[in-house]
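Visitor: If you scroll down you'll find the structure; I have some questions about it.
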Amino acid sequence: MTRVLVVGADAAGMSAAHQALRTARKNGRELSVTVLERGHHTSYSACGIPYWMAGDVDDPGDLVARSAHEHLASGLDLRMGTEVVAVDTAARTATVANGEVFAYDELVVATGAPAVLPDWALRPDGTAYAGVGTVKTLDDGGAWLERFEEAGPGAHVVVVGAGYVGVEVAEAALRRGLGVTVLTRTRGMGMLEDEMSDLVNQALVDAGVELVLGAEVTGLELDGDRVTGVRWDGGTRDADLVVVSVGVRPATDFLRGTDVPLTEGGALRPDPHGRVADGVWAAGDCCEVRRRIDDAWVFRPLGTHANKHGRALGDSLAGGSLSFEGMTDTSITRFAAGGQYVEIARTGLSRKDAEAAGLDPVVLVTEGSTASGYMPEADPVAIWVMADRATRRLLGVQLVGGRGAGKRVDAAAAVLWHGGTVDDLAWMDLAYAPPFATAWDVLQVAARRVAERI
Ligand SMILES: Cc1cc2nc3c(=O)[nH]c(=O)nc-3n(C[C@H](O)[C@H](O)[C@H](O)COP(=O)(O)OP(=O)(O)OC[C@H]3O[C@@H](n4cnc5c(N)ncnc54)[C@H](O)[C@@H]3O)c2cc1C
């Protein structure tokens, strides 16, 4: 009997655990799976939390794909409230906070990446000041709903950080009737090129958000231990609540001092089957992922990778051959509040990535429509396309636009996945009917224009 010990019971860990059981059953292998989870939720959609905060989802139970009880019923030995604090890879044991020791044959690290709280957000005892927090777990979501309720409409929220989570939380707070300031060190949605980021910034401002770009937060204004304002290098803002969304960091401290290699930022770099060292496997937000286009390791803590890599890992661990063959850096969100609606999506390299990879990028922004102009569905969309001059290879696509704009990114991601050219994107067979597209889809018009430019 092979003893598998999984640390972390969310997307990556539970995908791995269940797939390992399925593959073992199929192959007639004897396998026991124990899962240790320090929190008290399993298999929940963190991605849904901003929409719960906004009011789109009433019951947080709807965000839970499988409860602890369901996992137990399907044959996993799941221990909740159990935090791994040390691992001995030579003895193949993991020690938990109460001192109990678990022996394993194969260890799966799926511990994710908790949200970062900078020093200025913390009391001397290391906890956040009242009214200050992150948006990461179901408990965070519940706490924010209570704080929104308590503060009441007209209260003011400062959101620090304007990545996906910052923008989604700004939407939620506006839709709850709160005033919103967004402070960001760089620009809004920094993963976009400047010209695309500008469109998102404009939508935020048009919705009534006070947006401050290039702001480095230096501290909080406090009344006792309750926040009353935020100071940054260029000003101050009164605030009833402060949402900190400045990034996440891999939860791998318990591996320090073992033979498991970690990057400087504490991330793991698993192979396509999930292996990181002899008897140690990993997947999800605690890992970097391989970007296929330039073969670079990048930190992209996304559920889409955690689920896929976890499944491949679980299968491989139980004797299967599934593998996670990297990604093309695709992501999507939307901002919908204050009379504004924009879908925001990207795939592939940024211009900076392409130049760093020694490529010669040709870039063009095209404006068009999500549906035939005579249809009520037609919304404007801007598309940024980048290709390599020498090989005509598609390198990246970004979109900002109305309903139906965002998921167009998937066609571009498919071309990138297969290493296709900008001509492939321009001429492939995409669906057309007036409510959905123009006869030449705007994505293909944008690709064709770049092809012509080359
Ligand atoms: C607000 C928000 C919105 C998001 N939206 C999207 C989206 O739209 N699309 C997308 O693709 N992704 C999105 N994500 C990211 C996505 O939620 C994560 O990528 C995904 O949850 C990662 O799964 P994971 O299993 O690797 O890590 P986690 O979900 O973080 O799970 C790790 C688990 O390990 C446990 N753990 C950690 N350390 C220990 C320890 N020492 N001992 C025991 N247990 C431990 C933790 O308690 C946790 O339950 C969003 C995230 C947030 C916060």
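Visitor: For the ranges 380-387, 236-243, what's the packing order if you count other beta-carbon atoms within 10 Å of each residue, average per peptide, and put the highest first?
Guide: Most protected by this proxy first, the peptides run 380-387, 236-243.
Visitor: Go through 198-209, 138-149 and give me the packing order, highest mean Cβ count within 10 Å leading.
Guide: Values: 198-209: 19.3, 138-149: 16.8.
The most tightly packed comes first, giving 198-209, 138-149.
Visitor: In addition: Using DSSP, restrict attention to beta bridges with both residues in the chain and report what percent are antiparallel, rounded to the nearest 5. Kindly include the intermediate steps, with their values, before the conclusion.
Guide: On the way: 55 of 89 bridges.
For the chain, the DSSP antiparallel bridge percentage is about 60.
Visitor: Rounded, prolate or oblate: which fits the range 342-453 when a ≥ b ≥ c are the square roots of the eigenvalues of the alpha-carbon gyration tensor, with rounded for a/c under 1.5 and prolate only if a/b beats b/c? Don't skip to the answer; put the middle values down first.
Guide: On the way: a/c = 2.16, a/b = 1.79, b/c = 1.21.
Prolate, because a/c is 1.5 or more and a/b exceeds b/c.
Visitor: Can you classify the range 42-158 as rounded, prolate or oblate using the Cα gyration tensor, where a ≥ b ≥ c are the square roots of its eigenvalues, rounded means a/c under 1.5, and otherwise it's prolate if a/b beats b/c and oblate if not?
Guide: Numbers: a/c = 3.16, a/b = 1.57, b/c = 2.01.
The shape class here is oblate.
Visitor: Okay, next question. Quick check: at a probe of 1.4 Å, how many percent of the accessible area of the range 95-214 sits on carbon and sulfur atoms?
Guide: On the way: 2280 of 4650 Å².
With neighbouring chains kept in place, the figure for the range 95-214 is 49 percent.
Visitor: Which distance in Å, rounded to a whole number, links the C-alpha centroids of the range 362-411 and the range 59-132?
Guide: Each part reduced to its Cα centre gives a spacing of 41 Å.
Visitor: Sorting Arg392, Arg226 by accessible area (1.4 Å probe), largest first, what list results? Don't jump to the answer; show the numbers that get you there.
Guide: Details: Arg392 80, Arg226 100 Å².
Correct descending sequence by accessible area is Arg226, Arg392.
Visitor: Report, for the range 119-244, the % of DSSP beta bridges that are antiparallel, rounded to 5.
Guide: Details: 11 of 26 bridges.
Counting DSSP beta bridges with both partners in the range 119-244, the antiparallel share is about 40 percent.
Visitor: Further, regarding this structure: Over the range 119-244, average the accessible area per residue using a 1.4 Å probe and give it in Å², no decimals.
Guide: Working: 5170 Å² over 126 residues.
Accessible surface, normalised per residue, equals 41 Å².
Visitor: Can you tell me, using C-alpha contacts under 8 Å and at least 6 residues apart, the relative contact order of the range 119-244 as a whole percent? Show your work: numbers first, answer last.
Guide: Working: 221 pairs, mean separation 37.6, N = 126.
Taking the mean separation of contacting Cα pairs over the length of the range 119-244, I get 30 percent.
Visitor: Could you order Cys47, Cys287 so the one with the most accessible surface comes first? Probe is 1.4 Å. Show your work: numbers first, answer last.
Guide: On the way: Cys47 90, Cys287 5 Å².
The most accessible residue leads, giving Cys47, Cys287.
Visitor: Follow-up. Give the relative contact order (percent, whole number) for the range 342-453; include only Cα pairs under 8 Å separated by 6+ residues.
Guide: Working: 243 pairs, mean separation 34.9, N = 112.
Reported as a whole number, the value is 31 percent.
The values are calculated or read from the model by the stated rules, or taken from the named source; none is laboratory data. As the structure is a computational prediction, the values presented were derived from the model and not from experiment. Counting neighbours? That spans all protein chains shown, and the Cβs are built from the backbone with ideal geometry, glycine included. Note: areas computed on protein heavy atoms with side chains; ligands, DNA, RNA excluded. Shrake-Rupley method; radii C 1.70, N 1.55, O 1.52, S 1.80 Å.
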